[in-house]
1. What's the extension gain from His151 to Trp221 if we count 0.36 nm per residue and subtract their Cα-Cα distance?
2. Hey, what do the phi angles of region 92-97 turn into as Karplus ³J(HN,Hα) couplings, whole Hz, using 6.51/-1.76/1.60 and θ = phi - 60°, x for Gly and Pro?
3. ³J(HN,Hα) across region 63-77 via Karplus (A = 6.51, B = -1.76, C = 1.60, θ = phi - 60°), whole Hz, x for Gly/Pro?
4. Calculate, in nm to one decimal, what Val136 and Leu67 gain on full extension: separation in residues at 0.36 nm each, minus their alpha carbon distance.
5. Round to a whole angstrom and tell me the spacing of the C-alpha centers of region 46-100 and region 156-227.
6. Considering the Cα trace of the chain, what is its radius of gyration and what is Dmax, both in angstroms?
7. Hey, could you get me the Stokes-Einstein D for region 70-132, Kirkwood radius over alpha-carbon pairs, 20 °C and 1.002 mPa s, rounded to whole µm² s⁻¹?
8. Would you calculate the separation in nanometres between label points at Ala212 and Thr3, each defined as 7 Å from the Cα along the Cα-to-beta-carbon direction?
Amino acid sequence: MNTLNQFLFGIYPYICLAIFFLGSLIRFDREQYTWKSDSSQLLYAGQLRLGNILFHVGILAVFFGHLFGLLTPLWFWDFIGVSHGAKQIFAMLMGGIFGLTALAGLIILINRRFKCDRLAANSNWRDKLVLIWILVTLLLGLCTIFVSMQHTDGHEMVLLMKWAQHIVTFRGAAADYIADANFLFKAHIFMGMTFFAIFPFTRMVHVWSGFASVTYLTRAWQLVRRR
């Protein structure tokens with residue numbers, strides 16, 4: 001069991017991240033015509049706006065909440081006087097609100113994708129896989145809130161933070177921090193890590209373009225000369 005834990009949470013994260021970065025780079029280099037979100041609006045516009053807004057607002061908040069919540073050093077929270085328990089309660093509250101927002105939008109998008117004959121006929125297995133994968137990952141994440149409610153001292157959250165920070169800084173023994181974590185946390189982490197591995201092979205690559213669009217703020221003005 002210890003060997004499996006070491007592989008899944010000590011080695012597997014690097015495999016997923018390698019596939020995530022290299023796969024995205026190779027796809028951008030070799031298959032730029034497939035680098036798109038494959039909008040389904042022309043096929044069926046019903047419920048698209050509501051589902052998209054709810055899902056993207058919720059999932060982006062959840063993503064950045066995980067990013068800053070897990071990777072912000074512990075000393076920073078201690079420095080500003082935020083206790084581990086208070087941080088955990090805040091994370092549970094915000095994660096619950098935005099997680100449910102993303103879930104509502106995702107259910108709408110899944111219903112569109114599977115119930116509309118035109119969309120179903122024009123969807124490949126990767127389109128359906130990524131929706132189901134996000135759904136399961138999101139549900140597992142919401143379920144961890146009920147586990148966290150049983151102990152609000154922030155201890156397990158600190159262990160998860162140490163695991164994530166050891167992974168991104170390439171320090172050893174990262175898996176040891178979550179060896180005794182609840183199964184729901186481990187399942188959520190596994191699904192989340194694997195999502196990065198399947199990311200380059202799906203329409204999700206358009207996320208890169210979304211973040212890259214920020215560079216337009218610093219682009220030079222386009223000069224248009226009159227005849």
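1. Details: separation 70, 0.36 × 70 = 25.20 nm, distance 5.45 nm.
Gain in length upon complete extension: 19.7 nm.
2. 5, 5, 5, x, x, 5
3. Residue by residue, region 63-77 yields 4, 6, x, 5, 4, 7, x, 8, 9, 6, x, 4, 4, 5, 5 Hz.
4. Values: separation 69, 0.36 × 69 = 24.84 nm, distance 1.95 nm.
Roughly 22.9 nm would be gained on extension.
5. 14
6. 19.9, 75
7. Numbers: Rh = 14.7 Å.
In µm²/s, the coefficient is 146.
8. Each label point is offset 7 Å from its Cα along the Cβ direction, giving 4.3 nm.
The values are calculated or read from the model by the stated rules, or taken from the named source; none is laboratory data. Because the structure is a prediction, the values reported are computed rather than measured. Every residue, glycine as well, gets a Cβ built from its backbone with ideal geometry; the counts of neighbours run over all protein chains shown. These accessible areas exclude ligands, DNA and RNA; they are computed on the full protein's heavy atoms, side chains included. Shrake-Rupley method; radii C 1.70, N 1.55, O 1.52, S 1.80 Å.
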